[in-house]
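Undergrad: So that we are looking at the same thing, I have put the structure below in structure tokens.
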Amino acid sequence: MTENTLAVDSARAGAFAAAYPTRPIPAEGPVDTRAICETPSTSEFLDPIWKAVVTETRTRGNDIHLPISVAYAERLCDAYPSADRELVLVATILHDTGWAHVDESRIISEGFTGDWRKATIRYEHEHQGCVVARRVLPGLGYAPEFVERVTAIIEGHDTRHVAYSLEDALVRDADRAWRFDRAGIALASSWFSMDPATYTDRLAAEIVPELITAAAVEMATTDLARSNALLKTGVLR
Ligand SMILES: [Fe+2]
Ligand SMILES: [Fe+2]
């Protein structure tokens, strides 16, 4: 990354922070805190994209992670109607498709252990996700300018510390919110080789404070209470 790129990136992050000074960002609309299985994604216009990345959903539990994350993304868009809904949903579907194009044996060994947020494989999965977006979207009629907005969100969705836009923030929150649902806990705790109680403790201590929007905080904390009760994490520890 060049100095010039870094300056542009920090300017974008600064502009977004100035536009939304209150954190977490207060919801503009209704916040639905029901269990996510009550409101699966209903955006049929996304089906051609889903069909184009079926292969990419077969890696790293993407066929669980991505549909649940998109269901959360739809709720977040309802809570923040000023966001570009199509951009948020398309970026959420595609954000982790790059995992299918990296060395699978390194996903768990490097991507989920030690200083995993800085692991090289994390940068690689972001880059490969952008490659998938540029491969799939133009043929489905998406304009180059839209594709670039999608890839700007995918690039850095795990490794960048700050959001650049409301849409970027909603994708990042959807990518975290799914972990609080029981299915997310079941899958993600195994990636980190943690029992559910240890994992949910970590969600509360480390992931809730990372959420950018108040809607995501409300959904995540409600889900966490529900999941902890269901999985009896107060006892099974
Ligand atoms: Fe990711
Ligand atoms: Fe993800």
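The values are calculated or read from the model by the stated rules, or taken from the named source; none is laboratory data. Source: prediction; values computed, not measured. Note: ideal-geometry Cβ built from the backbone for every residue, glycine included; neighbour counts use all protein chains shown.
Undergrad: So which of T33, T55, T22, T5 ends up being under 17 Å from A214 (Cβ atoms) and loosely packed, with under 14 Cβ neighbours inside 10 Å?
TA: After ruling out the rest, the residue left standing is T22.
Undergrad: With respect to the numbered conditions (1) within 16 Å of ligand 1 (Cβ to nearest atom); (2) without any contact (Cβ under 8 Å) to a residue 60 or more places away in the chain, which one is the sole condition not fulfilled by A73?
TA: Here A73 meets the rest and fails (2).
Undergrad: Go over the candidates V208, V147 one by one and state the one that is more than 16 Å from ligand 1 (Cβ to nearest atom), under 23 Å from Y20 (Cβ atoms) and aliphatic (A, V, I, L, M).
TA: The unique qualifying residue is V208.
Undergrad: If you don't mind, there's one more thing I want to ask. Scan region 28-57 for residues that are of a type in the set (V, I, T) and assigned to a helix (DSSP H, G or I) and jot them down.
TA: Across region 28-57, the qualifying residues are I36, I49, T55, T57.
Undergrad: Here's something else I'd like to know. Given the criteria within 16 Å of ligand 1 (Cβ to nearest atom), modelled with pLDDT of 95 or more and in contact with a strand residue (DSSP E or B) (Cβ under 8 Å, 6 or more places away or on another chain), does L166 qualify?
TA: Spelling it out, it is not the case that L166 is within 16 Å of ligand 1 (Cβ to nearest atom), modelled with pLDDT of 95 or more and in contact with a strand residue (DSSP E or B) (Cβ under 8 Å, 6 or more places away or on another chain).
Undergrad: Another question, if that's okay. Does L140 fit the bill of being modelled with pLDDT of 95 or more, exposed (fewer than 15 other Cβ atoms within 10 Å of the Cβ) and under 23 Å from D47 (Cβ atoms)?
TA: It is true that L140 is modelled with pLDDT of 95 or more, exposed (fewer than 15 other Cβ atoms within 10 Å of the Cβ) and under 23 Å from D47 (Cβ atoms).
Undergrad: While we're looking at this one, here's another question. Residues in region 68-78: is at least one modelled with pLDDT of 95 or more, surrounded by fewer than 20 Cβ atoms within 10 Å (Cβ to Cβ) and not β-branched (V, I, T)?
TA: Yes - at least one qualifying residue is present in region 68-78.
Undergrad: Anything in region 112-129 that is within 12 Å of ligand 1 (Cβ to nearest atom) and free of Cβ contacts under 8 Å to residues at least 60 places away in the same chain? List them, or say none.
TA: W116, R117, A119, I121, R122, Y123, E124, H125, E126, H127, Q128, G129
Undergrad: If I ask for residues that are more than 11 Å from ligand 1 (Cβ to nearest atom), more than 16 Å from F192 (Cα to Cα) and in a helix (DSSP H, G or I), which ones from region 93-110 would you list?
TA: Scanning region 93-110 gives I93, A100, H101.
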